[in-house]
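The values are calculated or read from the model by the stated rules, or taken from the named source; none is laboratory data. Bear in mind the structure is a predicted one, so any value in this text is a computation, not a measurement. For neighbour counting, all protein chains shown are included, and Cβ atoms are generated from backbone atoms with ideal geometry for every residue, glycine included.
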Amino acid sequence: MKQSQQRIELTQAIEAKVHRLDMDALVKLAADLNIALPETRVRPPRGKQVAAAHTGGPPERVLAGKGIGRVLPAAEGTRRLDQITVDDESTDWAESELAGAGEVVERLNVARGTLDNWRKANKVIALRKGLRNYVYPLRQFERRGPMGGLDRVIPMFSSPEEAWEWLVTPNRMTDGKAPVDELRAGNIDMVVNAAEGALDYT
């Protein structure tokens, strides 16, 4: 791999981690990387007068610090980022293998109309891609069609994306396994009950 490509990929990985940091972690990272913090300006509430200048009393005290530290090499910055960030497994569902309608009907050897009917009847998860197209997570299919029980679970959620995220996230109500795996094992009632329980807390 060329060095420029490595640089691009490393920069993207670091940016992705930085975007997930809370403010305290960002300030700590800025200190470690010797980056000056921007000044914070507090605007007074409307209708309140603020003194324009110091009018007597002890002079203002200005605190001086050591700065925010030295610039780190990229590898060291990545190592430190890894130490202070936590992987968000809730987005791992997006890594499920997806296929367009054409590939799905070819793999399952079914008509395009059949796949459309499954989608309309909430028998499959269809994730919108653009205005008129859909992609389908392949994990939801068995030999010639969708696994049983999806039509009982999907309508409980506000969107196909929310349903799929829940289905692929290990759940204590499904013995620590992903609900989609319990559906595949035939434990439909267990998964339906777990989905109902999940919705009790939303």
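Quick notes on this structure:
- Complete set of residues in segment 91-145 that are farther than 18 Å from residue 162 by Cα, basic (Lys, Arg) and part of a loop (DSSP other than H, G, I, E, B): 132, 143, 144
- Count of segment 167-202 residues which are among the charged types (D, E, K, R) and not in a helix (DSSP H, G or I): 3
- Leading residue by the ranking (modelled with the highest pLDDT) among those in segment 69-98 that are among the basic types (Lys, Arg) and surrounded by 11 or more Cβ atoms within 10 Å (Cβ to Cβ): 79
- Odd one out for residue 192 among (1) surrounded by fewer than 18 Cβ atoms within 10 Å (Cβ to Cβ); (2) in contact (Cβ under 8 Å) with a residue 12 or more places away in the chain; (3) within 21 Å of residue 116 (Cα to Cα): (3)
- Some residue of segment 134-143 being touching a Lys or Arg at 6+ places or on another chain (Cβ under 8 Å), surrounded by 18 or more Cβ atoms within 10 Å (Cβ to Cβ) and under 21 Å from residue 199 (Cβ atoms): no
- Hits in segment 153-195 (condition: charged (D, E, K, R) and modelled with pLDDT of 90 or more): 161, 162, 165, 177, 181, 182, 184, 189
- Residues that are within 17 Å of the chain's Cα centre (by Cα) and either farther than 18 Å from residue 119 by Cβ or buried (at least 16 other Cβ atoms within 10 Å of the Cβ) (or both) within segment 150-170 comprise 160, 163, 164, 165, 166, 167, 168, 169, 170, listed in sequence order.
- From the options 167, 199, 183, 131, residue that is among the aliphatic types (A, V, I, L, M) and under 17 Å from residue 98 (Cα atoms): 167
- Residue pairs whose Cβ atoms lie under 6 Å apart, sitting 6 or more positions apart in sequence or on different chains, and linking a residue in segment 22-51 that is at pLDDT below 75 to a partner that is among the aliphatic types (A, V, I, L, M), are 44/50.
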